[in-house]
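Rule-based calculations on the coordinates, nothing more; no lab input. None of these values were measured; they are calculated from a predicted model. Counting neighbours? That spans all protein chains shown, and the Cβs are built from the backbone with ideal geometry, glycine included.
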Amino acid sequence: MAKLNWSASETERVEPFRTSPSSLESTQFRLTDDDKFDDRDLILIESEDDWRVARPEIIIDLDTTKASRESGVPEDELAVAVVMRDRILNRFKLIERWNARDVPIEPIHLKDALSSFSHSRLFDICTYLFSSVTKVREEGVAHDTGQVLARKVFKIRLFEQSSKFPKRWATPEEFEEQGLPRDTVYWIEWLVDDLNHHPNEAFRVWLNVQFKDQITSFEVGSKAGDLLKLNLAASILTELAVAVFSDPEQELNEPTGTIAIVTEELNEVTDKNFDEMRDLYTRDHGGHSRVRAWAHEKLGVNSALGRLDFLR
């Protein structure tokens, strides 16, 4: 039997031979025993604790007759494999392989197989349908072992809130109840007037749950993804800073309060204290733009923009 070598080339979607792209589309995944099996491609895990107790399983739903008819490869020459891909290290691991007719109908447990991926925050569970033998076939039909005819990829993304600021996911209806458009991306709800309260007591950043996948699933290392995430964070920090600096009655007198934390965040860029930054903010009509520039520099938005290559 020829040895299969899995590499990044397996994810290429344009093939020089007939494929059967929908023959694995009903394959399903679940993260824990309490979850229902689902065919959604993106699985978000919001904490390390949730990942440690996960018991992932996959059910492969393959229509071999359809796959053979569409690809031109006989059913007894089709095979299926489950492959793990660590997208950070670009490392692949073959978990299991079957002849297409022998694919188990019961759930396939992945917990043990994933043990070597336990520290990864970005990986894929890939199910591939492929030609199992090298054989001369008619023109336009796969003829080499391992040529991929169909795939179903579940993208596992570990997203953990690491901000010093509190957030909550809100529904579009909840945004509307606050007099905001239902597709608002974020909104800051102020809970107190005195901003010397700790952030957990002073405000909450609402994030629209309908954009949860987009906000939390940017590819690690993606230049455009980094820029979008950082720009969103900078916008939130800018609004917090405007609230802190625009009220002349506010004074910094609590080291763990919102004023102190915002000042600490921006001091790394400005090398100025609270009073000096507030003076700059109130000096002219450009205060908001000035604070936004500080936030962009603090969070690396400018550097991320510089890494984008528009001349390709």
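Quick notes on this one:
- Exposure proxy order (Cβ contacts within 10 Å, fewest to most) of E173, E276: E173, E276
- Calculated from backbone phi, Karplus (6.51, -1.76, 1.60) coupling profile of the stretch 245-250 in Hz, x at Gly/Pro: 8, 7, 9, x, 7, 7
- Neighbours of A67 by Cβ distance under 13 Å: Lys/Arg scored +1, Asp/Glu scored -1, total -1.
- Residues T32, T27, ranked from the fewest to the most other C-beta atoms within 10 Å, line up as T32, T27.
- Restricting the stretch 27-69 to GluC sites (Glu not before Pro) that sit in a DSSP loop and have at most 16 other Cβ atoms within 10 Å of their own Cβ leaves E46.
- Over the stretch 8-158, equivalent-ellipsoid semi-axes from the Cα gyration tensor in Å: 29, 16, 12
- Added length on full extension, which subtracts the Cα-Cα distance from 0.36 nm per residue, D39 to V269: 78.3 nm
- For the stretch 167-307: rounded, prolate or oblate by the Cα gyration tensor [a/c cutoff 1.5]: oblate
- Environment charge at G287 (Cβ cut-off 11 Å; Lys +1, Arg +1, Asp -1, Glu -1): +2
- Proximity of backbone amide H atoms, modeled 1.01 Å from N, is registered between L42 and K155 at under 5 Å, excluding neighbours fewer than 5 places apart on the same chain.
- Between D50 and R182, the modelled label-to-label distance comes to 2.5 nm, taking each label 7 Å out from Cα in the direction of the beta carbon.
- A cut-off of 5 Å between modelled amide H atoms, ignoring neighbours fewer than 5 places along the same chain, links I188 with W206.
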